[in-house]
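Structure record follows, encoded as structure tokens.
The values are calculated or read from the model by the stated rules, or taken from the named source; none is laboratory data. Everything quoted here is computed from the prediction, not taken from an experiment. We place every Cβ from the backbone using ideal geometry, glycine too, and count neighbours over all the protein chains shown. Calculation scope for accessible area: heavy atoms of the full protein, side chains included, ligands and nucleic acids excluded. Shrake-Rupley method; radii C 1.70, N 1.55, O 1.52, S 1.80 Å.
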Amino acid sequence: MPKVTVDGQEIEVPQGATVLQACELAGKEIPRFCYHERLSIAGNCRMCLVEVKPGPPKPQASCALPATDGQEIRTDSEMVKKAREGVMEFLLINHPLDCPICDQGGECDLQDQAMAYGRGATRYHENKRAVTEKYMGPLIKTIMTRCIHCTRCVRFSEEIAGVDEIGALYRGENMQITTYLEKAAKHELSANVIDLCPVGALTSRPYAYEARPWELKKTLGIDVMDAVGANIRIDSRGREVLRIQPRINDDVNEEWIADKSRYAVDGLTRRRLDKVWIRKAGKLEQASWDEAFKKIKAAKPGGSLAAVYGDLVDCETMFAAKALLKACGSTLIEGRQTGLVYDTSNLAAVNFNTTLAEIENSDAVLVIGSQIRHEAPLLNVRLRKAAKGGAKIFHVGPEYDTTYAATFLGNDLSVLNALGSDVVDAMKGAERPAIIVGGAALGRGALGKALALAAEFNVVKDGWNGFNALHFSPSRMGGLLLGLAQKGGMADIAAAKPKVLLSLGADEMDYAPFGDALKVYIGHHGDKGAHAADIILPAAAYTEKAGTYVNIEGRVQRSEKAVFAPGDAREDWTILRALADALGVSVGFDGFDQLRAAMFADTPALAHEGLADLRVSVPAGGGDASGVIENYPIADPYLTNPILRASPTMQRCSSELWHGETVAEAAA
């Protein structure tokens, strides 16, 4: 390992480290605009200048200079100070002085570094250049006069998202960053460029002029828009969530989130259920909690009580429902609303065993029945890394733009019964082969064949487990850990003909088979479930309660309460606890801490954050696969749950980006 001296302090640095990284290891802050740890090195802002000996007697860009043995690096010399002041002066020649009305104000790298490293005065008095606003779609607001051409947005789109939608036109002073023919940026990770932009050139269009960062309360949360469980920060003011931003977690989402995770916030205040409703003579009428509970009790559910939990439900709510049903003598609970049926007796067969971080290291991947860009956009980023590292990736299912080199084998699952020699050779010859089974294949009984292929290709070996199931429902793994699944899926619930059906935010299911049941909807939005319900009990959304979530890889994570639920809405577990009193049964807990303690005792895997220890091996499979995958389960990636369907921003994204409709705008 090379030894370098930074401002008189000798340190060892990893082989291949840059001078900038060496300085940071020594605890020195190096200003930068173009450099980013997860992007390629551009070296075009020149803000990271340092003095290096041996070398030419001039400042050098530390981000692009390799650290070598014996270097003497100065970060605080007069030469460095003067050079940085000069660079900042150049950057501000054309930058508009509109900090008071800029949405980046208060969290702007240029603002902070101008304060710390600038001269405090300029020697340039020429007219500033102006650049026309570029249209980048309904999510990204552009004021390109502020752009300092760091090219972070360009590199993110090309290298991370894999979509070449942003680039530079012209040269020198005329250079402009824009999308191709000023079309909207359509990929599912586009708004991450807002976080990357070190100035106010790219900001959030829906969030524009809403708040200043110092006005916001910041709460740590977990995203529930897909099953990856991205770590997020919920920024709120008063009782309203104003924005959601990613938190860094290298094991899960690195520092990215999908667009729908970021922009679901305006759906949290629209179409909300904040009162109790009871259906009388075919019409919903406002009622009281007591009236609703009396009607449920009058149905005398007893052991004929069933529950279906929705995609956004936390583990505490599911456990409270499980405890209520157990106290009533029932085990009728299910969460696979759309009718998926697969064996859940061995969780290793339905878990993403490789983990999100390790899938990057795979060298051959067989994806069966999954449109990963829609079902798990952040997993697609990981697969891109694997492909860039030389992995061969094969897909079974309808073709789509994967953003990486992939071979499609057709959409007939029977192809798995006689895979071509290219697939067999690649999978058998790989050191770290992986299989990913998506919802479109799980729903057609392909799990057994996938498990058989796992054994044939030696996918599970010492130090490597390459067998993975990919769910797109955030509550799925938590429900399976809690043991909440019927052998026959929803068909078993319907066949039992329950007297009372508790719908815990279940908005994707078919309520037709439950025509004779008293349907009680416990949820937060007036969506499909509320329309079918006989009784509506208003509940809290994911930002309005503390909860435990388990992602696709079996990682247990906790989310905190950011704001209070509106009106008469209550946290789901409190509703179920009150319902237990109304039915005259005991569930064993009275408070949230008692509920969690009971849940941990019932399912110890949920007691500790991090990867759950499933302590099971991947089972043997068998049988042939059959059936044709006509389409993937997600029909519209922007409208996959009731919060998104209530969001004006997501509705506009669906219309403009997914369906290609022209959205009329008022004149700017």
Given DSSP loops and a limit of at most 10 other Cβ atoms within 10 Å, what is the longest stretch of the chain that contains no such trypsin sites (Lys or Arg not before Pro)?
-> 172-486
Normalised contact order of the range 294-431, rounded percent, pairs of Cα under 8 Å and 6 or more residues apart = 17 percent
Nitroxide proxy distance, nm - points 7 Å out along Cα→Cβ at ALA357 and PHE408 | 3.4 nm
Could you check the simple spin-label distance between LYS128 and LYS58, using points 7 Å along Cα→Cβ, in nm with one decimal?
-> 3.0 nm
Would you mind listing how long the range 524-668 runs along its three principal axes, going by Cα atoms, in whole Å with the largest first?
-> 57, 52, 33
Where does the chain land at 222 nm, in deg cm²/dmol rounded to the nearest 500, when only DSSP H runs of n ≥ 4 count, each adding -39500 (n - 2.57), divided by all residues?
-> -6500 deg cm²/dmol
About its Cα centre, the range 302-359 carries a charge dipole, from +1 on Lys and Arg Cβ atoms and -1 on Asp and Glu Cβ atoms, whose size in debye to the nearest 20 is 240 debye
What are the principal axis extents of the Cα atoms in the range 394-460, in Å, biggest first?
-> 27, 27, 19
For the range 205-229 and the range 472-516, compute the distance between their C-alpha centroids and round to whole Å.
-> 31 Å
Which of ALA597, TYR124, VAL80, positive extreme of dipole for the chain (C-beta unit charges) | ALA597
For the pair THR331 and GLU399, what calculated FRET efficiency results from E = 1/(1 + (r/R0)^6), where r is the Cβ-Cβ distance and R0 = 51 Å, to the nearest 0.05?
-> 0.75
In the chain, taking the dipole from +1 charges on Lys and Arg beta carbons and -1 charges on Asp and Glu beta carbons about the Cα centre, the listed residue (ILE634, ALA405, VAL350) farthest towards the positive end is ILE634
Under a point-charge model restricted to the Cβ atoms of Lys and Arg (+1) and Asp and Glu (-1), what is the dipole moment magnitude of the chain relative to its Cα centre, in debye to the nearest 20?
-> 1120 debye
So how exposed is TYR542, as accessible area in Å² (1.4 Å probe, rounded to 10)?
-> 10 Å²
Please identify every one of the GluC sites (Glu not before Pro) in the range 72-174 that sits in a loop by DSSP and has no more than 15 other beta carbons within 10 Å of its own beta carbon.
-> GLU107, GLU126, GLU133
For the chain, what is the relative contact order in percent, using Cα pairs closer than 8 Å and at least 6 residues apart in sequence?
-> 14 percent
Reference-scaled alpha-carbon Rg (2.2 N^0.38 Å with N residues) for the chain | 1.05
Evaluate the Kirkwood expression for the hydrodynamic radius of the range 75-163, namely the inverse of the mean inverse distance over all pairs of different C-alpha atoms, and round to one decimal in Å.
-> 15.1 Å
Round to a whole number: what % of the accessible area of the range 523-668 belongs to carbon and sulfur, probe 1.4 Å?
-> 50 percent
For TYR342, the accessible surface traced by a 1.4 Å probe with all protein chains present amounts, in square angstrom to the nearest 10, to 10 Å²
Of the candidates ALA533, ALA517, GLY554, the farthest towards the positive dipole end of the range 501-585 (Lys/Arg Cβ +1, Asp/Glu Cβ -1, centred on the Cα centre) is GLY554
Using alpha-carbon coordinates, inclination of helix 572-583 to the longest axis of the chain, degrees | 10 degrees
